[in-house]
């Protein structure tokens, strides 16, 4: 699907879509809890559909907002994760808590997204697996997962750590995760620990160690998923470069790592205020200024922050951009190509991106979503301040995390034509 967006400021009030990170974590934990959990406001997206599919094949039942967990029992030996890296990396060690061999499959770039962290551990633990000569999927792994010492690099995706934090408490004996390098994306690990605790799973975190008692049991709970700061970031930037936008549904004391967007936007000069009466963030049009930003812990915020930097006064310097290369697309390359098309002075040196700000973007241009939801959404926000219509190819990629993104865009006054 291609969409063409006519430049126009967005304004109004919007309830932010539920958190993808929390939806994954609560749904998985509910599937591991024996009994019925009630989880409302779970994100409806391609990635969550993939997670539910895998859990269903391991014995979980879904009935509206109710999730009925049971003993892990493999119903189908081939599990398709579609394009969801979270599903694949979270679920591999969990599925290994039962003894049957599992073959993991996926689509798109998921086949090439690294799994070396797990493969190295499998080699150390003498766990049997098979993978193709090139790429990582299909990957066949035979459990069971073993208790013990798990040394992991902290500067890789936190998804590997989360997967083990879910699985190791289910084993009979104790385990230890040791981070052998400094932890990046700490916020995502903290989010995992917080969710696990709400399900009655206790893990002692004393970095670089996580001490995990064995023979623990997930307890069913009732809860509602809060709004997603990663997605709210797009609308916050839209408010800063357009007209006033109010965002509801966000927890002002959230443990989501991407809540850092609020402080970053304020540091750049943005007027972003949480109103405790209306329980909403109020974002006012602002003159923003370039600054130095590290994306080490917040890679998902990279694309939209680069759009704002390109419309900010002065020069911005983004550091820690290496992990942007191994997301749904090479987000570093994607943003360089698209912003260059829009007339931005952007350069890359190693894992550092430098952007010189300007008042508007070049119009009447076509940019590519690179089959990446966050690239598509970032380009849609960029269109607000372009000098003519912007066409985004592959815009259907938003369904990965935010299927109704363009509907919400129109709710706030955006003009979109699909082709």
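The values are calculated or read from the model by the stated rules, or taken from the named source; none is laboratory data. Predicted model, so just to flag it, every value in this text is computed and none were measured. Here Cβ is always computed from backbone atoms with ideal geometry, including for glycine, and neighbour counts include all displayed protein chains.
When the stretch 261-272 is examined, which residues are found to be farther than 18 Å from residue 234 by Cβ and either outside the structural domain of residue 245 (by TED's automatic domain parsing) or in contact with a strand residue (DSSP E or B) (Cβ under 8 Å, 6 or more places away or on another chain) (or both)?
So the first thing to find is which residues in the stretch 261-272 are farther than 18 Å from residue 234 by Cβ, and the list is 267, 269.
Hit for the stretch 261-272 is 269, nothing else.
Each row is one residue, and each column tells you yes or no for (1) free of Cβ contacts under 8 Å to residues at least 12 places away in the same chain; (2) closer than 18 Å to residue 384 by Cα; (3) within 23 Å of the chain's Cα centre (by Cα).
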{"residue": "284", "(1), (2), (3)": "no, yes, no"}
{"residue": "290", "(1), (2), (3)": "no, no, no"}
{"residue": "295", "(1), (2), (3)": "no, no, yes"}
{"residue": "301", "(1), (2), (3)": "no, no, yes"}
{"residue": "319", "(1), (2), (3)": "no, no, yes"}
{"residue": "331", "(1), (2), (3)": "no, no, yes"}
Is it fair to say residue 94 is in contact with a strand residue (DSSP E or B) (Cβ under 8 Å, 6 or more places away or on another chain) and closer than 27 Å to residue 219 by Cα? no
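Out of 145, 165, 196, I need the residue that is part of a loop (DSSP other than H, G, I, E, B) and assigned by TED's automatic domain parsing to the domain that holds residue 78. Which one? Full working, then the answer.
Details: 165 fails: part of a loop (DSSP other than H, G, I, E, B); 196 fails: part of a loop (DSSP other than H, G, I, E, B).
Answer to the selection: 145.
Tell me the residue from 348, 353 that is surrounded by fewer than 24 Cβ atoms within 10 Å (Cβ to Cβ) and part of a strand (DSSP E or B), please.
Working: 353 fails: surrounded by fewer than 24 Cβ atoms within 10 Å (Cβ to Cβ).
After ruling out the rest, the residue left standing is 348.
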Here are the criteria: (1) over 22 Å from the mean Cα position of the chain (by Cα); (2) closer than 27 Å to residue 44 by Cα. Tell me which single one residue 189 does not satisfy. (1)
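Quick one: count up the residues across the stretch 394-415 that are outside any helix (DSSP H, G or I), surrounded by fewer than 18 Cβ atoms within 10 Å (Cβ to Cβ) and touching a strand residue (DSSP E or B) at 6+ places or on another chain (Cβ under 7 Å). Can you show your working first?
Step one: of the stretch 394-415, the residues outside any helix (DSSP H, G or I) are 394, 401-404, 412-415.
From what's left, surrounded by fewer than 18 Cβ atoms within 10 Å (Cβ to Cβ): 403-404, 413, 415.
Next, only the ones that are touching a strand residue (DSSP E or B) at 6+ places or on another chain (Cβ under 7 Å) stay: 413, 415.
Looking only at that region, the number is 2.
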Which numbered condition in (1) farther than 27 Å from residue 106 by Cα; (2) out of contact with any strand residue (DSSP E or B) (no Cβ under 9 Å at 6 or more places or on another chain) is the only one that residue 148 fails? (2)
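May I ask you to say which residue of 347, 313 is under 24 Å from residue 262 (Cβ atoms) and at pLDDT 95 or above?
313
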Just checking: which of the strands (runs of 3 or more DSSP E) contained wholly in the stretch 219-307 hold 1 or more residues that are farther than 24 Å from residue 11 by Cβ? 222-224, 292-294
Subset of the stretch 279-296 (residues that are out of contact with any strand residue (DSSP E or B) (no Cβ under 7 Å at 6 or more places or on another chain) and within 17 Å of residue 232 (Cα to Cα)): 285
Of all residues in the stretch 206-217, which are out of contact with any strand residue (DSSP E or B) (no Cβ under 7 Å at 6 or more places or on another chain) and surrounded by 14 or more Cβ atoms within 10 Å (Cβ to Cβ)? 213, 216
